[in-house]
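Single-structure report; data block below.
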RNA sequence: GGGCCUAUAGCCAAGCCUGGAUAUGGCGUCGGACUUCUAAUCCGAAGAUCGCAGGUUCGAAUCCUGCUAGGCCCGCCA
């Protein structure tokens, strides 16, 4: 087995071109690019830098290189096109690699070189909800990013620990509690229990408009809570359980589980000691009013940050500092990742700066994702104008059920709802994951719930179509094919796309760009569908059929790897 | 007042890290393809001053500067 990627091509060129321009510090792979889709070559070397050195026309240099270079056995062709030197990798190599490695194909470089890019311990913290209201679309994005990133690290053989932090105390919780005390009549949930709790949070915010005394009342409850008033604590435990029970149901729907769940209420005061211990640090100062502040302005060019209130009590960052140590102690991690929205960008810069300042120089990363808003504007949980996580799942599944029902009315109800669940979740997950996590986007409920175009079901459909061909074909799939037969333009494009999959996986991990995987799958499936409509697989020509079967088998393998990482199921029929 | 982010066809996005081939898809619009492996599909057409103005470069959507518009954030909330 042999790997041919950008690095391979760059190594090949560097060995043979004496004046190959080595621009400082770049990784080898950066000299080579993947040509645009319409160019039927796998890799390209642009000759402009050489042209500069040699003071010659890049077109001419490309032509000369084409003549001078002996084609290595892993390439079909080296071809000068304008100022570009293009390379085409042999189909045999690509298809054999995929067929032999199967689910491991996406990590072929590590696999073959056995350079065992050492397995790291990685802690990923998400979605860290407040326990006073149900999960909404923002949490859905958070969960999908966290889950997918975890899968991606796991796929690359890292040791991933998923942890969740329940923000289960504080004034916002007390507001829901107050509303329940006032208007709840001590009733039990008559609906999904976190929704039941959330209704009281909305109720509070409605009522506080008319009666601003409620504000004070909720502060009283907070005080009572902190004084460990038994009745308030009992109410708090009861409502928190309702909220968390509801969350767990939703986590289950997404297939998410955690290695450890932290509750803010169990340690929020513990950071205090840590801060006080660092008072000898010249940048951590006790002000005249007693508050402790981290001076970040001079050194870090960040606003100063209060670490402890003037009355000595802790604030949010106090416990986050403690939690950083706690996670290190619990997992001995190499890297700690926080999945948190971009409205907290500054907060995390400050948190990390403070941690560095007090000697906690661990590898920390804030994966900051953009907000989802609705066509009419921002979602506000206070006003209950959010897109609810459970509702959107249900809506997607219902619509998928209708679609399945329309196409295959004769199927059993059980089979219909099995497919509907799978397709509905695929649509929801893919819709959110195909966007760059860093950018904001607008969720238009009417247009978003679609099973056509750039969607999860489109990818699933592709998989099922391939499966259906396997069911019909009498030929055996194996590597004993005539690779020369795969010469149709659509086939060449497909093989080119298959070849770059491991590099996509590598880049996605390096830049935390998990959207690269859905984007890649879309292109792959578009190419497949285009191939499908032009090239008949099952055929009188047995040799051709065998060749094409192997090709689409490889497509199916890669789709499966990709969807697995996204937490999307494949269906053999749909 | 300061900081960060964003701006790509009617709409939604990819591409920006690492400058390179005619700016890539989808939705919508118009036209076409099911007696052939699943039409949740495919093919074709129309549709882009890549926010504006400069700069760097052989070459800029991509890098730099300024400007405009929008979003988010800015010491005792979480």
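Just so it is clear, none of the values below were taken in a lab; they were calculated from the coordinates. Predicted, not measured: the structure shown is a model, and the values here were computed from it. Glycine gets a Cβ as well: all are built from the backbone with ideal geometry, and neighbour counts include every protein chain shown.
Taking Cα atoms only, the orientation of helix A:58-68 departs from the longest principal axis of chain A by about 60 degrees.
Relative protection proxy for A:192-205, A:486-499, from highest mean packing down: A:192-205, A:486-499 (other beta-carbon atoms within 10 angstrom).
For chain A, the longest principal axis of the alpha carbon atoms and the long axis of helix A:413-433 meet at an angle near 90°.
For the range A:496-574 versus the range A:409-458, the inter-centroid distance based on Cα atoms is 19 Å.
Radius of gyration over Kirkwood radius for the range A:389-566, both on Cα atoms: the Rg/Rh ratio is 1.01. Quarter the surface of the alpha carbon convex hull of chain A and you get the mean projected area, 32.9 square nanometres. Ranked by the mean number of other Cβ atoms within 10 Å per residue, highest first, peptides A:165-174, A:541-550 order as A:165-174, A:541-550. Ordering A:122-133, A:207-218 by mean Cβ neighbour count within 10 Å, with the highest value first, yields A:122-133, A:207-218.
Its convex hull of Cα atoms gives the range A:6-89 a direction-averaged projected area, equal to a quarter of the hull surface, of 5.1 nm². For chain A, the longest principal axis of the C-alpha atoms and the axis of helix A:316-331 are separated by about 50°. Distance from the alpha carbon centroid of the range A:340-385 to that of the range A:231-266 works out to 22 angstrom.
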